[in-house]
Amino acid sequence: MAGAIPKALILFGPPGSGKGTQAKLLRSSLAIPHISTGDMLRERIASGDSLGLEVKNLMQSGRLVPDEVVNRLVDDRVSQPDCSSGFILDGYPRTLQQAKVLDGTLEGRGYHPVVIHLKVDYTKIIRRIAGRRQCPVCGTLYSLTSNPPRQADTCDRDGASLVIRDDDRESVIRERLEAYERQTRPVLEYFAASGQAVHEVDGSEGSPDEILARIRGVLS
Ligand code: ADP
């Protein structure tokens, strides 16, 4: 729509709430980029430089990466031309400091933030993440319960043996949930205090498409 203010969709929720899945579905249906700080950090690790190594150790133990690192990654990414009609943020902001920096970035570049809070209870999250498997070659994610590969432990696309992401092991999942409670949940209060609407969406029940429909309902 000519003259419409582009939206920054902020997908907010604990690890395992389905942010990544929904962000991919939204990217296809809205045709705007999906910006995942987790994916960008994993790419950085793959590059093998010294920052990548530091990031790797933090991620593997379930802790957050320093704000300056992710703030820079996001600022660089949203300044790319493909973000001019809007974009989807997945996994950012995750601390109060990130939320404040993001506010400035969005205001400076003229985006309207829309926060979607995906709510899922913790017992379900632990079950979901523990059943998550990934193809080390193409990155496709599987779930042993809701979206299993056709042949056990094997990627449908390229036949590679599926792996468990290092930070998806049960001890690390608990650390990630603690980091969420301690550092990320307070961001919700910050959004509310700064007058920003937070749209609550039930991410516990239903298929990914049904949850997508709920999000689209909120956006329309
Ligand atoms: P999930 O949402 O399931 O936790 P992600 O791929 O988003 O998975 O994140 C994996 C890890 O990457 C986090 O536990 C954290 O170490 C790091 N990370 C991702 N986004 C951020 C961020 N905005 N700030 C700090 N660390 C981050």
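Readers should treat all values here as calculations from the given coordinates under stated rules, not as data from a laboratory. No experiment lies behind these values; they were computed from the predicted model shown. Note that each Cβ is placed from the backbone with ideal geometry, even for glycine, and that neighbours are counted across all protein chains shown.
Overall, region 91-220 carries a charge dipole of about 100 debye about its Cα centre when +1 sits on the Cβ of Lys and Arg and -1 on the Cβ of Asp and Glu, all other atoms neutral.
Here the chain was treated as a single set of alpha-carbon atoms; its pair distances binned every 10 Å from 0 give 8, 32, 39, 18, 3, 0 percent. Ordering of 78-86, 99-107 by packing is 99-107, 78-86, highest average first (other Cβ atoms within 10 Å, averaged per residue). Placing unit charges on the Cβ atoms only, positive for Lys and Arg and negative for Asp and Glu, gives the chain a dipole magnitude near 260 debye about its Cα centre. Averaging the sequence gap over all C-alpha pairs within less than 8 Å and six or more residues apart, then dividing by the number of residues, gives region 44-135 a relative contact order of 15 percent. Using a simple spin-label model with pseudo-atoms 7 Å out from Cα toward Cβ, ALA4 and ASP121 lie 3.7 nm apart. Taking other C-beta atoms within 10 angstrom as a stand-in for reagent exposure, ASP39, ASP158 fall in the order ASP158, ASP39, fewest first. Expressed to the nearest 5 percent, the antiparallel share of DSSP beta bridges inside the chain is 25 percent.
Comparing region 172-220 with the 2.2 N^0.38 Å rule of thumb, its C-alpha radius of gyration ratio is 1.43 (two decimals).
Mean sequence separation of contacting Cα pairs (under 8 Å, at least six apart), scaled by the length of the chain, corresponds to a relative contact order of 29 percent.
Per the Kirkwood formula applied to alpha carbons, region 92-173 shows a radius of gyration over Rh ratio, Rg over Rh, of 1.13. Adding -39500 (n - 2.57) for every DSSP H run of four residues or longer, then dividing by how many residues the chain holds, sets the calculated 222 nm ellipticity at -13500 deg cm²/dmol. Of the residues TYR111, TYR92, the one with the fewest other Cβ atoms within 10 Å heads the list, and the complete ranking is TYR111, TYR92.
Cross-link reach is defined here as a Cα-Cα straight distance under 27 Å, omitting same-chain residues fewer than 8 places apart; for LYS100 the lysines meeting it are LYS7, LYS19, LYS24, LYS56, LYS119.
Converting phi to 3J(HN,Hα) with the Karplus coefficients 6.51, -1.76 and 1.60 and the offset θ = phi - 60°, region 16-32 yields x, 7, x, 4, x, 4, 5, 4, 5, 5, 5, 4, 5, 7, 9, 6, 10 Hz in sequence order, with x at every glycine or proline.
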